[in-house]
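Comments concern the structure below.
The values are calculated or read from the model by the stated rules, or taken from the named source; none is laboratory data. Predicted, not measured: the structure shown is a model, and the values here were computed from it. Don't worry about glycine lacking a Cβ; one is built from the backbone with ideal geometry, like all the others, and counts go over all protein chains shown. Keep in mind that these areas ignore ligands, DNA and RNA; they rest on the heavy atoms of the full protein, side chains included. Shrake-Rupley method; radii C 1.70, N 1.55, O 1.52, S 1.80 Å.
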Amino acid sequence: MRLLKIQEALKQKNIIFTYTEEDGCGSLDFQFRGLRYHIWEFQDGADWGVDTNVKCAGRSVDILGDYETEIHDLILTWPDMAIPG
């Protein structure tokens, strides 16, 4: 299981997501306020990164380095999703 820090942020904000893993890389897909988001992990040689539209919903960007902390911290700035019930 990968992208655990990001998954924790999504859970904290009550955002339902799907997680898949292929070739050792994690992938998260979810909706927030009617928009679809993705976080797709990749490995390019020794470098790890993600392709994501979390920073800008209309376009994908690659984030290298400590991408988990960067995305985790960004998600925690979003408002909580309401839980029906």
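Okay, here's what the table says:
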item	result
Counted residues, region 1-29 - those being assigned to a loop (DSSP other than H, G, I, E, B) and either small (Gly, Ala, Ser) or over 19 Å from residue 47 (Cα atoms) (or both)	5
Residue within region 78-85 that is at positive phi, open to solvent by 60 Å² or more (accessible area, probe 1.4 Å) and assigned to a loop (DSSP other than H, G, I, E, B) present	yes
Within region 52-77, considering residues that are open to solvent by 90 Å² or more (accessible area, probe 1.4 Å) and among the acidic types (Asp, Glu), the one farthest from residue 12 (Cα to Cα)	62
Search result, residues across region 1-24 that are touching a Phe, Trp or Tyr at 6+ places or on another chain (Cβ under 8 Å) and open to solvent by 20 Å² or more (accessible area, probe 1.4 Å)	1, 13, 16, 17, 18
Residues located in region 44-73, provided they are in contact with a strand residue (DSSP E or B) (Cβ under 6 Å, 6 or more places away or on another chain), closer than 18 Å to residue 1 by Cβ and not hydroxyl-bearing (Ser, Thr, Tyr)	50
Failed item, numbered, when residue 62 is tested on (1) part of a helix (DSSP H, G or I); (2) touching a residue at least 12 places away in the same chain (Cβ under 8 Å)	(1)
Hey, residue 35 modelled with pLDDT under 95, within 15 Å of the chain's Cα centre (by Cα), hydrophobic (A, V, I, L, M, F, W, C) and open to solvent by 70 Å² or more (accessible area, probe 1.4 Å) or not	yes
Selection from region 38-51 of residues that are open to solvent by less than 90 Å² (accessible area, probe 1.4 Å) and of a type in the set (A, V, I, L, M)	39, 50
